[in-house]
Amino acid sequence: MCGICGFVSYHNNYIPTAEAEKNKIRLMADTLQSRGPDDYGEWVGENAVFAHRRLAVIDPQRGKQPMKRVSEGYEFVIVYNGELYNTDELRKDLEKFGYDFQTDSDTEVLLYSYIHYGSKCAQKLNGIYAFAVYDGMRQSVFLCRDRFGVKPLFYYDTGDTFVFASEIK
């Protein structure tokens, strides 16, 4: 079990206030510590801030989150909680398109699935999951969870800021 959280606003630029944003997201993530006691990570982008609390199971050293990759000059960032049952199948499929994997984690497979298929990646997933991807190419954030809601994903739109997390704290 892991914990994810973040906030998004296309009315704000979080880069100039990155330290203050890190403090905010750290407080949010601290409420999720029981979901992921092994590791913590944060990311601040222009219009989004993500954090992850990790229970390290697969590839503890290289599977850290938020995970970032650059494709065609655009940054993509993911926070993810879950397990993909078809990781090997997806990895083999994506390798045919030239994707080069740096880890053994399903997080990287999921991120490259989003980069390649966009929101249609959800149709290819078999597992239990909740995730958010910052998409620098489309200047958007994509959130998704498994069809049965095994992995929780709560959200709230304040009108100016969209907030999400694994728990409603």
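Exactly one of (1) over 22 Å from residue 114 (Cβ atoms); (2) among the hydrophobic types (A, V, I, L, M, F, W, C); (3) at pLDDT 95 or above is unmet by residue 28. Its number?
Every listed condition holds for residue 28 apart from (3).
Residue under question is residue 131, and the condition is that it be within 24 Å of residue 30 (Cα to Cα), touching a residue at least 40 places away in the same chain (Cβ under 8 Å) and either open to solvent by 50 Å² or more (accessible area, probe 1.4 Å) or aliphatic (A, V, I, L, M) (or both); does it hold?
Spelling it out, it is not the case that residue 131 is within 24 Å of residue 30 (Cα to Cα), touching a residue at least 40 places away in the same chain (Cβ under 8 Å) and either open to solvent by 50 Å² or more (accessible area, probe 1.4 Å) or aliphatic (A, V, I, L, M) (or both).
Of the residues that sit in region 82-102 and are at pLDDT below 95 and under 22 Å from residue 5 (Cβ atoms), which one is least open to solvent (accessible area, probe 1.4 Å)?
Among them, the one singled out is 82.
Provide a single number: the residues in region 1-34 that are part of a helix (DSSP H, G or I) and open to solvent by 20 Å² or more (accessible area, probe 1.4 Å).
Residues meeting the conditions: 12.
Report yes if residue 168 is in contact with an Asp or Glu (Cβ under 7 Å, 6 or more places away or on another chain), among the aliphatic types (A, V, I, L, M) and open to solvent by 30 Å² or more (accessible area, probe 1.4 Å), otherwise no. I'd like the intermediate steps shown before the answer.
Numbers: in contact with an Asp or Glu (Cβ under 7 Å, 6 or more places away or on another chain): no; among the aliphatic types (A, V, I, L, M): yes; open to solvent by 30 Å² or more (accessible area, probe 1.4 Å): yes.
Criteria not met by residue 168.
Might you check whether a residue that is at positive phi and under 16 Å from the mean Cα position of the chain (by Cα) occurs anywhere in region 140-163? Show your work before the answer.
Just the residues of region 140-163 that are at positive phi, to begin with: 149, 159.
If we keep only those that are under 16 Å from the mean Cα position of the chain (by Cα) too, we end up with none.
Within region 140-163, not a single residue is at positive phi and under 16 Å from the mean Cα position of the chain (by Cα).
Report every pair of residues separated by at least 6 positions or lying on different chains whose Cβ atoms are under 6 Å apart, first residue within region 83-110 and at negative phi, second part of a loop (DSSP other than H, G, I, E, B) and open to solvent by 90 Å² or more (accessible area, probe 1.4 Å).
Pairs that qualify, where the first residue is at negative phi and the partner is part of a loop (DSSP other than H, G, I, E, B) and open to solvent by 90 Å² or more (accessible area, probe 1.4 Å), are 103/62.
Can you confirm whether residue 109 is open to solvent by 10 Å² or more (accessible area, probe 1.4 Å) and of a type in the set (Val, Ile, Thr)?
Criteria not met by residue 109.
Taking region 33-65, which residues are within 14 Å of the chain's Cα centre (by Cα), at pLDDT 95 or above and not hydrophobic (A, V, I, L, M, F, W, C)?
42, 45
The values are calculated or read from the model by the stated rules, or taken from the named source; none is laboratory data. Fair warning: this is a prediction, and the values are worked out from it, not measured in the lab. With ideal geometry, Cβ positions are generated from the backbone for all residues, glycine too; neighbour counts draw on all protein chains shown. Remember, those area values only see protein heavy atoms, side chains included, never the ligands or the DNA or RNA. Shrake-Rupley method; radii C 1.70, N 1.55, O 1.52, S 1.80 Å.
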